[in-house]
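A quick write-up on the structure given underneath.
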Amino acid sequence: MIRLLFVTPTKDSFAGLTSPFERNDEVELFWAQSGGKALDMVVDTPVDLVVTDEFLGDMTGLELAERMLSVNPMINCAAVSKLSSKEFHEASEGLGLLAQLPAVPDKEQAEELLQRLIDIKRRVADV
């Protein structure tokens, strides 16, 4: 089972991204409306991937990714960001982010994320 946590103040912004996961019996979805709630959730609920919106009300998605490292450095994260790829790389360096997502992520990004996550889990299992 793959467990995904989506962090966004408005679920509608991730509708295109989550629709393929909702139809997959091997994926379990969790939701948090703020960075603080997400941090509280991952303490008690193990997840394989956190997908964060750019702005969460109480912090940015990149700030959440940084704080996730202190809770569990093995949690994979992906973040929505309107920064250029170069600016995003500089802003997120050292956070171990799996992907930068566009403002309105869609099915294509969902499939890419899922494949990357499956590849990572397979490599870890082989070790």
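The values are calculated or read from the model by the stated rules, or taken from the named source; none is laboratory data. This is a predicted model, so every value here is computed, not measured. A quick note on method: Cβ atoms are made from the backbone with ideal geometry, for glycine too, and the neighbour counts reach across all protein chains shown.
Inspect all residues belonging to region 58-80 and state whether any of them is of a type in the set (Ser, Thr, Tyr), in contact with a Lys or Arg (Cβ under 7 Å, 6 or more places away or on another chain) and either loosely packed, with under 15 Cβ neighbours inside 10 Å or part of a helix (DSSP H, G or I) (or both).
No, region 58-80 has no match at all.
Give the residue that is nearest to Thr60 (Cα to Cα), with candidates limited to residues of region 1-38 that are of a type in the set (A, V, I, L, M, F, W, C) and not in a strand (DSSP E or B).
Of everything passing the filter in region 1-38, Ala38 is nearest to Thr60 (Cα to Cα).
Could you pull out the residue among Ala103, Ala125, Ala110, Ala79 that is at pLDDT below 95 and in contact with an Asp or Glu (Cβ under 8 Å, 6 or more places away or on another chain)?
Ala103
Exactly one condition in (1) under 21 Å from Val124 (Cβ atoms); (2) surrounded by fewer than 18 Cβ atoms within 10 Å (Cβ to Cβ); (3) modelled with pLDDT of 95 or more is not met by Phe55; state its number.
Exception for Phe55: condition (1).
Counting only residues that are in contact with a strand residue (DSSP E or B) (Cβ under 7 Å, 6 or more places away or on another chain) and either of a type in the set (Phe, Trp, Tyr) or at pLDDT below 90 (or both), how many does region 18-37 have?
5
So that you can scan it fast, the table gives a plain yes or no per residue for (1) over 16 Å from Ile2 (Cβ atoms); (2) surrounded by 15 or more Cβ atoms within 10 Å (Cβ to Cβ):
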residue	(1), (2)
Phe30	no, yes
Thr45	no, no
Leu83	yes, yes
Glu87	yes, no
Gln100	yes, yes
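Of everything in region 102-126, what is of a type in the set (A, V, I, L, M) and either surrounded by 13 or more Cβ atoms within 10 Å (Cβ to Cβ) or more than 22 Å from Leu69 (Cα to Cα) (or both)? Give them in sequence order.
Listed by number, the residues that qualify are Ala103, Val104, Ala110, Leu113, Leu114, Leu117, Ile118, Ile120.
Between a first residue in region 100-127 that is in a loop (DSSP other than H, G, I, E, B) and a second residue that is surrounded by fewer than 13 Cβ atoms within 10 Å (Cβ to Cβ), which pairs have beta carbons less than 6 Å apart while being 6 or more apart in sequence or on different chains?
Ala103/Lys82
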